Amino acid sequence: MLQEGKLYIGTSRKPDDAINKPEYLELKFGNRHGLITGATGTGKTVTLQILAEGFSNAGVPVFCADVKGDLSGIGAIGEAKDFLLKRAEQVGLSPYEFQEFPVIFWDLYGEKGHRVRTTLSEMGPLLLSRLMNASDAQEGVLNIAFKIADEGGLPLLDLKDLQSLLNYMGENASELSNQFGFISKSSVGSIQRELLILEQQGAEHFFGEPALKITDVMRTTNDGRGAISVLAADKLMMNPRLYATFLLWLLSELFEELPEVGDPDKPKLVFFFDEAHLLFNDAPKVLVERVEQVVRLIRSKGVGVYFVTQNPLDVPETVLAQLGNRVQHALRAYSPREQKAVKTAADTFRPNPDFNCAEVITNLGTGEALVSTLEGKGSPSMVERTLIRPPASRLGPLTEAERQNVINVSPVRGLYDEDFDRESAYELLAKRAEKAADAAEQAEAQTTEEQIGRSRWTLPGFGDDEKETDSGRQARPRSSGYQRETIMEAAMKSVARTVATQVGRALVRGILGSLKR
Ligand SMILES: Nc1ncnc2c1ncn2[C@@H]1O[C@H](COP(=O)(O)OP(=O)(O)O)[C@@H](O)[C@H]1O
Ligand SMILES: [Mg+2]
């Protein structure tokens, strides 16, 4: 059953329930994306688990979110439970071998895994607007804030940095509006209030340094297996927008950072997007279009994206059309919407003359699914009614002690667990401010005030801020507070000058607005 270049999913059955044939996902089509759907309790998570196992064994790193905490067992060896042995027998899996997998646990809150962070600069205005559910006016102001920061080379590390920048924008709204477009003071104020709410919801855990390096979710082990990164998402699901934005950010990072590879023998990474409806629910049209674009283009970077959701109608048609490998578990068909979903799901398959798809979908058992994968030159195989194989790793969660053991021996141990001492950022900002102050003084001698517009940018109390900067350095403040504010303001002043004199080295943003490298 184990074939080179293929991942075994399960075994299909004939109309009389006799074994038909093993069903595979071809690794060379692993980057052609996929879809796992079905009602609650029909077997989606187990299907995700066996696919992750298969990719890992083939040397492909996997990233997935553990929404209910029941996926963590993939890090432990499976146990010979009766119903699993029975399933192995039904599908003809012999020998049925148990195995544990190389797992790296991640957690935005740093409780159930290594911390994951990014900086606001890296996330960009589009995703931040989504995270805040920003109005058009607010989004306009955020775009300007990032423009000011990008053009001035000013790193926005965390929420407090953005608060300071917004303060500055509020205080100088009319002047800045001339240069960047209209900045409404009330929108600035409302964004600041929204940022406070985000902070209270725990989003501040996610912004800061050290930011996640994507190479750390693309690791393989010495024996050639792909690491499975499991994001603890049970707590995160309380804030669905943060969850969806985080996964989008990661997708965007992968897209911006990875080189083109065309169609490789096997994917460079497989990314499972569980609870995918959260990504598209009331998302603005422009964001859906960008996601569609990234999903289409990321294929040639060797990344396969697999959406997991209850209902195929949760995924916009333009995205759905790109998902080549499909596992459809049972759906109910009581309400009209459910009936429509069944029909949509049935219609997307290449029909099998042996059965009526729509009928079978409502009658599938647990851990049973309609399966169609890409074959030949990349066309969908005829749909088959398939019993999914049992997992080789544990079905169910790890204990806390087991999870801690995995974390303790993780290859990224110590890399993300502590917040960076912010000194580095402080110094960077302070230095920039000093340099800009010097340059401005020199320029002042040669240029009229009007040409640089310097007076417009100068904040009261600056110019002799050296002392404040020095004491700030000695005190090494760690979070908010007066010193940080002062240095941010000094940096802001320098940014304003840089922008005013048009010597800024603007950062470039990609499709989803994260930084291009
Ligand atoms: N392939 C399978 N082999 C054996 N048991 C399975 C399989 N798929 C699902 N099951 C059983 O069904 C239960 C529910 O599956 P799960 O994947 O958690 O559903 P969902 O994620 O769709 O809510 C599992 O805990 C397991 O007992
Ligand atoms: Mg599930």
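Across region 301-344, what fraction of all alpha-carbon pairs, as a whole percent, falls in each successive 5 Å bin from zero upward?
Result returned by the calculation: 5, 18, 30, 23, 14, 5, 3, 2, 0.
Over its Cα atoms, what ratio of radius of gyration to 2.2 N^0.38 Å does region 193-273 give? All intermediate terms of the calculation are to be shown ahead of the outcome.
Values: Rg = 15.4 Å, N = 81, 2.2 N^0.38 = 11.7 Å.
Against the empirical 2.2 N^0.38 Å value, I get 1.32 for region 193-273.
Which whole-number percent of Cα pairs in region 210-336 have a distance greater than 21 Å? Intermediate results must be reported in sequence, preceding the final value.
Values: 3595 of 8001 pairs.
Cα-Cα pairs in region 210-336 separated by more than 21 Å: 45 percent.
If you average 1/r across every pair of different Cα atoms in region 116-250 and take the reciprocal, what Kirkwood value do you get, in Å?
Kirkwood radius, region 116-250: 16.0 Å.
Let me test this: with uniform point scatterers at the alpha carbons of region 94-166, what is the Debye-based log₁₀ I(q)/I(0) at q = 0.11, 0.20 1/Å?
With one equal scatterer per Cα and no solvent, log10 I(q)/I(0) is -0.43, -0.88.
How large is ³J(HN,Hα) for each residue in region 318-332, as worked out from phi by the Karplus curve 6.51 cos²θ - 1.76 cosθ + 1.60 (θ = phi - 60°), to whole Hz, x for Gly and Pro?
Values per residue, Gly and Pro as x: 5, 7, 3, 4, 9, 9, x, 9, 10, 10, 10, 7, 5, 10, 8 Hz.
Quick one: what are the phi-derived ³J(HN,Hα) couplings along region 303-309, Karplus 6.51/-1.76/1.60 with θ = phi - 60°, whole Hz, x for glycine and proline?
Each residue of region 303-309 in turn: 9, x, 10, 10, 8, 10, 7 Hz.
Averaged over all directions, how much area does the convex hull of the C-alpha atoms of region 1-127 cover when projected, in nm²?
Working: hull surface 43.0 nm².
Result: 10.8 nm².
For region 145-215, what is the per residue volume of the convex hull drawn over the alpha-carbon atoms, in cubic angstrom? All intermediate terms of the calculation are to be shown ahead of the outcome.
Working: hull volume 6.9 nm³, N = 71.
Normalising the Cα hull of region 145-215 by residue number yields 97 Å³.
Within the set of other residues whose C-beta is less than 13 Å from the C-beta of Leu84, count the net charge using Lys and Arg as +1 and Asp and Glu as -1. Please list the in-between numbers first.
Values: positive: Lys81, Lys86, Arg87, Arg389, Arg394; negative: Glu79, Asp82, Glu89, Glu97.
Net local charge, Leu84 excluded: +1.
So if I restrict to the alpha-carbon atoms in region 174-236, what is the Rg, and what is Dmax, the biggest pairwise distance, in Å?
So, for region 174-236, Rg and Dmax equal 20.1, 61 Å respectively.
Under the 0.36 nm per residue contour assumption, what length would be gained going from the current alpha-carbon distance of Asn178 and Asn405 to full extension?
76.0 nm
Bin width 10 Å, origin at 0, all Cα-Cα pairs of region 351-406: what percent of pairs per bin?
Using 10 Å bins, I get a P(r) of 19, 32, 23, 16, 10, 0 for region 351-406.
Residues with amide H under 5 Å of Ile104's amide H, sequence separation 5 or more or different chain, H placed in the peptide plane at 1.01 Å from N; which?
Ile228, Ser229, Val230
Two decimals is fine: what's Rg over Rh for region 283-404, C-alpha atoms, Kirkwood radius as Rh?
Radius of gyration over Kirkwood radius for region 283-404 works out to 1.02.
Would region 36-88 count as rounded, prolate or oblate if I go by the C-alpha gyration tensor, calling it rounded below 1.5 in a/c and otherwise prolate when a/b exceeds b/c, oblate otherwise? Numbers along the way, then the final one.
Numbers: a/c = 1.56, a/b = 1.11, b/c = 1.41.
Oblate, because a/c is 1.5 or more while a/b does not exceed b/c.
Counting other beta carbons within 10 Å of each residue's own, what order do Glu204, Glu368 fall into, fewest first? Walk me through the numbers before you get to the answer.
Values: Glu204 16, Glu368 21.
With the fewest neighbours first, Glu204, Glu368 line up as Glu204, Glu368.
Every number in this text was worked out from the coordinates using simple rules, so none of it is lab data. What you are looking at is a predicted structure, and each value in this text was computed from that prediction instead of being measured. Note that each Cβ is placed from the backbone with ideal geometry, even for glycine, and that neighbours are counted across all protein chains shown.
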